[in-house]
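Notes follow the structure.
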Amino acid sequence: MSIPDTEEKKQVESGASALVTENCGYKSFLDILHRQGVVTEEEVKKLSKKLKVSKEPIDHDLIEKGIPKEQILQAKAAEYGIECVDIENDKPDIEMVKLIPESMSRRYKLICIGKKESKLSVVMADPSDIFALDDLRLRTGYEIQPFLGFPDDIDVVLNEIYRVEELESIMKDALAEKSDDLAITSAGKEEEEEQDAVVDTPIIRFVDRLIIDAIKRKASDIHIEPYETEVIVRYRVDGILNETMKYPRSIHNSVISRLKIMSNMKIDEHRIPQDGRVQIKLGKSRKEFDIRVSLLPSVYSETIVMRLLDRSGIKIDLEQIGFQEDDLNRWKSVIANPNGVILVTGPTGSGKSTTLYATLNRLNRPEVKIVTVEDPVEYNLQGLVQIQTNSRVGLTFAAALRSFLRQDPDIMMVGEIRDKETATIAIESALTGHLVLSTLHTNDSVASITRLEDMGIETFLIASTIRGILAQRLVRKICSDCKQEAPLSPEEKNIFEEYGISPPDHVMKGGGCQTCTESGYKGRMGIYELLTINDKIRELILKRESAANIYEEAKKDGLRTLMEDGLAKIKNGDTTFEEVFRVTKD
């Protein structure tokens with residue numbers, strides 16, 4: 001890692017005292033940001049007061065206001081009179097990092113990036129911490145030249161460097177235990193006794209670290225798959241599975257048992273599938289996650305899939321999920337209907353639940369009664385009555401919908417319309433003045449009409465109750481840190497012209513960097529096809545016209561197909577041809 005050149009007057013040659021003396025002439029970094037015009041005087045006063053009262057960093061408050069992290073870092077560095085270093089994108093050498101013990105690095109939130117003669121170059125979250133500087137100088141015997149770094153970046157780098165070693169250490173500890181200590185014995189014991197004896201500390205640490213690591217990588221799922229001699233762990237990040245690590249089969253039974261205990265499953269049952277749920281709070285932030293755990297017997301023991309649900313995800317707004325402005329306005333108009341049926345369609349993993357939750361967030365008001373039936377309930381929303389289906393006791397989607405009508409709701413959401421009974425009750429509810437939201441598994445918006453007809457729903461009921469149908473897919477977004485221009489090929493130009501869209505001069509692609517783990521993508525967004533039911537389309541449905549005729553009429557009313565919406569987002573530099581083709585081409 002290269003260390004930035006620093007002016008001689010800004011260098012710290014003799015520890016903490018020089019740093020403090022040198023900073024006396026500098027203004028608050030909030031004043032610097034105010035001078036730059038990114039925060040108002042009122043915001044400076046408010047944030048300064050918060051900083052004095054809580055002593056907690058306000059970096060995230062500024063980032064939430066849309067101020068780039070780099071600008072915040074530079075302003076704070078100017079206040080301290082030192083240079084700043086972006087260690088997230090310019091990773092330090094591991095050997096340099098290890099010149100300072102991990103415990104000290106984590107305690108003082110700092111990281112060593114270089115050594116020259118008798119001086120260590122150290123990136124710190126708080127360069128004014130004289131106790132840290134003095135302790136570091138005494139413990140290492142070196143003079144310290146501090147640089148400013150972003151606190152979260154320091155944590156990320158330390159976790160990346162020590163994560164592999166920690167996992168290997170945990171695995172070695174687990175393997176060093178006697179096999180009898182790791183074995184699961186269920187015969188003749190009460191469940192409580194089994195739970196006390198089933199796992200040891202190394203296995204608990206291993207499972208916890210696995211979950212934390214997946215959360216930090218922003219994985220949506222963890223797949224743990226046993227084979228003859230080893231177990232493969234894969235994370236699904238931005239919809240794509242990536243192999244992360246392997247561990248020996250010899251500890252897999254203990255991993256399974258630990259997860260069964262966490263998710264309240266039967267630990268002595270290995271022959272049938274089981275489902276469970278875990279709620280955890282992560283770190284000092286106490287960020288809440290729900291983990292849905294599914295175990296399925298396979299040839300080489302039980303295979304595990306964990307779905308990681310970020311509780312903060314329920315606060316997502318419709319504006320954040322990828323709607324273009326015209327489609328967003330049309331969708332808002334559709335959901336503003338006081339009654340009728342609104343459908344969101346697409347295959348599994350296309351983001352239907354996210355769209356429904358974002359829509360419910362928009363509709364959720366004190367004067368409105370909203371009830372939902374889901375399988376499973378992925379997020380708990382304040383202000384909604386949510387019901388989990390339970391087929392064992394007869395609580396199906398249809399049964400729940402019947403009961404809803406006696407609860408005096410204004411809006412109802414049913415997780416999925418799977419059969420004629422559920423579809424009939426949903427439509428009857430719409431006819432009696434309720435707004436019903438649900439999902440279907442179809443490839444496009446118009447196909448949902450055909451699907452309802454195939455279920456046995458009369459066309460006049462479909463025409464009179466359906467208000468809008470939204471088909472959607474998820475595509476990966478180009479990583480903003482390595483986004484770069486790419487030439488438009490003749491074939492790609494022809495595709496734009498084929499769909500009546502003027503081709504851009506160039507498209508964007510991700511070059512691959514540490515932020516996106518060299519994939520070129522970071523995060524996902526939706527591409528949409530919104531069919532709104534106007535009088536002309538209602539007539540076509542009643543006449544059982546073909547899908548092509550309905551599409552033709554819908555386009556006059558503003559419908560943009562999935563491919564057209566994807567091409568528009570390619571043109572805007574949000575995603576790539578490869579991603580759009582991956583989710584739209586059969």
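So here's what we get for this one:
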read-out	value
Some residue of the range 409-420 being part of a helix (DSSP H, G or I), surrounded by 14 or more Cβ atoms within 10 Å (Cβ to Cβ) and more than 30 Å from the chain's Cα centre (by Cα)	yes
Thr354, sole failed condition from (1) of a type in the set (Val, Ile, Thr); (2) more than 19 Å from Leu435 (Cβ to Cβ); (3) part of a loop (DSSP other than H, G, I, E, B)	(3)
Number of the exception - Gln514 against (1) open to solvent by 50 Å² or more (accessible area, probe 1.4 Å); (2) touching a strand residue (DSSP E or B) at 6+ places or on another chain (Cβ under 8 Å); (3) not in a helix (DSSP H, G or I)	(2)
Boolean, Met525 is part of a strand (DSSP E or B) and either modelled with pLDDT of 95 or more or not charged (D, E, K, R) (or both)	yes
Which numbered condition Arg476 fails, given (1) buried (at least 19 other Cβ atoms within 10 Å of the Cβ); (2) part of a helix (DSSP H, G or I)	(2)
Single condition Ile32 does not satisfy, out of (1) at pLDDT 80 or above; (2) closer than 30 Å to Ile316 by Cβ; (3) in a helix (DSSP H, G or I); (4) of a type in the set (Val, Ile, Thr)	(2)
Unmet criterion (only one of (1) within 30 Å of Gln320 (Cα to Cα); (2) outside any helix (DSSP H, G or I); (3) open to solvent by less than 60 Å² (accessible area, probe 1.4 Å)) for Ala75	(2)
The range 517-539: number of residues that are open to solvent by less than 70 Å² (accessible area, probe 1.4 Å) and touching a strand residue (DSSP E or B) at 6+ places or on another chain (Cβ under 9 Å)	15
Residues (more than 29 Å from the chain's Cα centre (by Cα), surrounded by 21 or more Cβ atoms within 10 Å (Cβ to Cβ), modelled with pLDDT of 85 or more and of a type in the set (Gly, Ala, Ser)) located in the range 122-177	Ala132
Positions within the range 450-469 being part of a helix (DSSP H, G or I), open to solvent by 10 Å² or more (accessible area, probe 1.4 Å) and not basic (Lys, Arg), in sequence order	Thr450, Glu453, Asp454, Met455, Thr459, Phe460, Leu461, Ser464
Filter result (under 26 Å from the mean Cα position of the chain (by Cα) and part of a loop (DSSP other than H, G, I, E, B)) within the range 490-511	Gly511
Members of the range 251-267 found to be open to solvent by less than 80 Å² (accessible area, probe 1.4 Å) and not aliphatic (A, V, I, L, M), listed by number	His252, Ser254, Ser257, Arg258, Lys260, Ser263
Selection within the range 540-557 - open to solvent by 30 Å² or more (accessible area, probe 1.4 Å) and touching a residue at least 60 places away in the same chain (Cβ under 8 Å)	Leu542, Arg544, Ala547, Tyr551
Pair list, Cβ under 8 Å, 6 or more apart: the range 73-89 residue without any contact (Cβ under 8 Å) to a residue 60 or more places away in the chain, other residue in a loop (DSSP other than H, G, I, E, B) and open to solvent by 30 Å² or more (accessible area, probe 1.4 Å)	Ala75/Gln36; Ala78/Tyr26; Glu79/Tyr26; Glu79/Lys27; Glu79/Ser28
Pick from the range 219-232, criterion free of Cβ contacts under 8 Å to residues at least 40 places away in the same chain and surrounded by fewer than 21 Cβ atoms within 10 Å (Cβ to Cβ), ranking: farthest from Glu518 (Cα to Cα)	Thr229
Residue list for the range 98-118, filter: open to solvent by less than 40 Å² (accessible area, probe 1.4 Å) and among the basic types (Lys, Arg)	none
Hits in the range 557-573 - residues which are touching a helix residue (DSSP H, G or I) at 6+ places or on another chain (Cβ under 8 Å) and charged (D, E, K, R)	Asp557, Arg560, Asp565, Lys569, Lys571
Qualifying residue in the range 268-275 (condition: open to solvent by 20 Å² or more (accessible area, probe 1.4 Å) and assigned to a helix (DSSP H, G or I))	no
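Matching residues to (1) within 24 Å of Ser464 (Cβ to Cβ); (2) in contact with a Lys or Arg (Cβ under 9 Å, 6 or more places away or on another chain); (3) open to solvent by less than 40 Å² (accessible area, probe 1.4 Å):
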residue	(1), (2), (3)
Asp317	no, yes, no
Leu328	no, no, yes
Leu356	yes, no, yes
Gln382	no, no, no
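The values are calculated or read from the model by the stated rules, or taken from the named source; none is laboratory data. Nothing here was measured: the structure is a model prediction, and the numbers come from that model. Counting neighbours? That spans all protein chains shown, and the Cβs are built from the backbone with ideal geometry, glycine included. For the accessible areas, the whole protein counts, side chains as well, though only heavy atoms, and no ligand, DNA or RNA atoms are used. Shrake-Rupley method; radii C 1.70, N 1.55, O 1.52, S 1.80 Å.
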